[in-house]
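Everything below concerns the one structure shown next.
Please treat every number below as a calculation from the coordinates, not as lab data. All figures in this text were calculated on a predicted structure; none of them were measured in a lab. All Cβ positions, even for glycine, are placed from backbone atoms using ideal geometry, and neighbour counts span all protein chains on display.
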Amino acid sequence: MTSLRSSGGDVIVLLLVLSCLARLTQEWIPPSHDHGGVQMGVPDNGCDDAEWNLALDWDFTTDYEYKCQPYEEYIPVKKTIVRYSCLANEDIPPPIHKCMTKHIRYKDFPPRGGPHRPLWPVYGDYRYVPPQRWVHSLEHGAVVFLYHPCANRSEIDFLKEIADLCLRRHVTTPYRLLSRDQPFALVTYGCKLTMSHVRIEEVVQFIRDNAFNPKRASEYDNWKNGQYSFHLVKPARVVPGSDMEDSNLCPGILESDSI
């Protein structure tokens, strides 16, 4: 009888231990991102092939998104304003893939995550690329460099130069929803830096702190180009002193005499 009681007690204890272990194991499983059941990076004529129905995201029959209009004034370089902010991971909308039959709208400007198109952009400098595309790049750990179309041209060129010297996985594009007080921005998954003019020290620090952050960007280790290249002006190149995976961010840029 004692033997049977002891054996039954051992079984109960064992079951309790296994139950606890199962719960602990579940807690360590990273969150699943099924992206709404739409596969990424696979061109699909019925969903997204990076060519069909692009007007859903922006009207490319006009130059409004990427040119300062005749009725607008160019933005002068103003006193330094730099603002840095990050969302808590739970406050970032889910990274759902949406086909080119569905509108995507954001509540955060510029968006730091959320729903996006299944095919992301080829990295580089664009005449214009809509956020519905580059938000996908953020999930891969990339940095997006934004500027208002009416921003100072020398400052825009400076921003693009820094992008080229810091990392291959970047997108540069105009973005009209930046304020005229802070017409420049860098965006990574969950974080953004906005500026009244380009501050190289802050830009480099932001990139080194936030690009490819595994605690935020769930697919940070995907370094490949996407398939979207509409209005691509210049593809990104491997940064001298680094590699295709951008293992060395902004190598020697603050010590360089060329910038």
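Taking label points 7 Å from Cα along the Cα-to-Cβ direction, Met244 and Gln69 give a separation of 4.3 nm.
Distance between the 7 Å Cα→Cβ label points at Ile81 and Arg180: 1.1 nm.
Based on every Cα atom in region 185-232, Rg and the maximum pairwise Cα distance Dmax equal 12.9, 33 Å. Among 237-249, 161-173, 193-205, the peptide with the highest mean count of other Cβ atoms within 10 Å heads the list, and the full ranking is 161-173, 193-205, 237-249. Protection proxy ranking of 127-140, 44-57, by the mean of other Cβ atoms within 10 Å over each peptide's residues and highest first, is 127-140, 44-57.
Note on Lys234/Phe60: beta-carbon distance plugged into 1/(1 + (r/R0)^6) with R0 of 30 Å gives a FRET efficiency of 0.95. Using a simple spin-label model with pseudo-atoms 7 Å out from Cα toward Cβ, Cys99 and Arg153 lie 4.4 nm apart. Going down the table (Lys67/Lys215; Lys78/Lys224; Lys78/Lys215; Lys67/Lys107), which pairs top 31 Å between alpha carbons? Exceeds cut-off: Lys67/Lys215; Lys78/Lys224; Lys78/Lys215. Starting from the Cα of Lys79, draw a straight line to each of the lysines and keep only those under 23 Å, dropping any in the same chain fewer than 8 residues away. Straight-distance partners of Lys79: Lys160, Lys192. Here the Kirkwood formula, the inverse mean of 1/r across different C-alpha pairs, assigns region 155-225 a hydrodynamic radius of 13.0 Å. Protection proxy ranking for 112-119, 63-70, 97-104, using the average of other Cβ atoms within 10 Å per residue and placing the highest first: 112-119, 97-104, 63-70. Taken as Cα centroids, region 62-105 and region 218-249 sit 21 Å apart, rounded to the nearest whole angstrom.
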